1. Restricting the first residue to segment 54-72 and requiring it to be closer than 21 Å to Thr42 by Cα, which pairs with a second residue that is modelled with pLDDT of 85 or more and of a type in the set (A, V, I, L, M) meet a Cβ separation below 7 Å and a spacing of at least six or different chains?
2. Between Leu67, Leu35, Leu62, Leu46, which is more than 30 Å from Leu16 (Cβ to Cβ), modelled with pLDDT of 90 or more and either in contact with a Ser or Thr (Cβ under 7 Å, 6 or more places away or on another chain) or in a helix (DSSP H, G or I) (or both)?
3. Do we find that Ala21 is part of a helix (DSSP H, G or I) and either exposed (fewer than 10 other Cβ atoms within 10 Å of the Cβ) or modelled with pLDDT of 80 or more (or both) in this structure?
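The values are calculated or read from the model by the stated rules, or taken from the named source; none is laboratory data. Keep in mind it's a predicted model, so treat the numbers as computed, not measured. Using ideal geometry, Cβ is built from the backbone for each residue, glycine included, and neighbour counts are taken over all protein chains shown.
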Amino acid sequence: MDALRDLLPDLSVGALLGFAAGVALRHIGRIALILLGVLFITLQLLAYFDLISVNWLRVQALTEPWLRQGSEAGGAWLSRVLTANLPFAGAFTAGLLLGLRARM
């Protein structure tokens, strides 16, 4: 029981900060997706009126390695962060998942 009492501050702060980060990520993600959608619509409108021509295969070829490298580096970084301080990271992860699922 004493061991749990010593971990309680880390668990509660981790869960609270994880929840806050999850809610923030949801809102930032929505804004990023809206901006990406507006950019795509703008490009398509410009292409429709023959003002520009977009080579989507070339765009895919340019972005695919960058996205793959970013996801691998991000995954390794996230793994290090989550295992560095296990009680805090576990509570943070639980709070983060709850924050991502919260309806606000």
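1. Val54/Leu43; Val54/Ala47
2. Values: Leu67 fails: modelled with pLDDT of 90 or more; Leu35 fails: more than 30 Å from Leu16 (Cβ to Cβ); Leu62 fails: modelled with pLDDT of 90 or more.
Exactly one of Leu67, Leu35, Leu62, Leu46 is more than 30 Å from Leu16 (Cβ to Cβ), modelled with pLDDT of 90 or more and either in contact with a Ser or Thr (Cβ under 7 Å, 6 or more places away or on another chain) or in a helix (DSSP H, G or I) (or both), namely Leu46.
3. Working: part of a helix (DSSP H, G or I): yes; either exposed (fewer than 10 other Cβ atoms within 10 Å of the Cβ) or modelled with pLDDT of 80 or more (or both): yes.
For Ala21, the condition - part of a helix (DSSP H, G or I) and either exposed (fewer than 10 other Cβ atoms within 10 Å of the Cβ) or modelled with pLDDT of 80 or more (or both) - is met.
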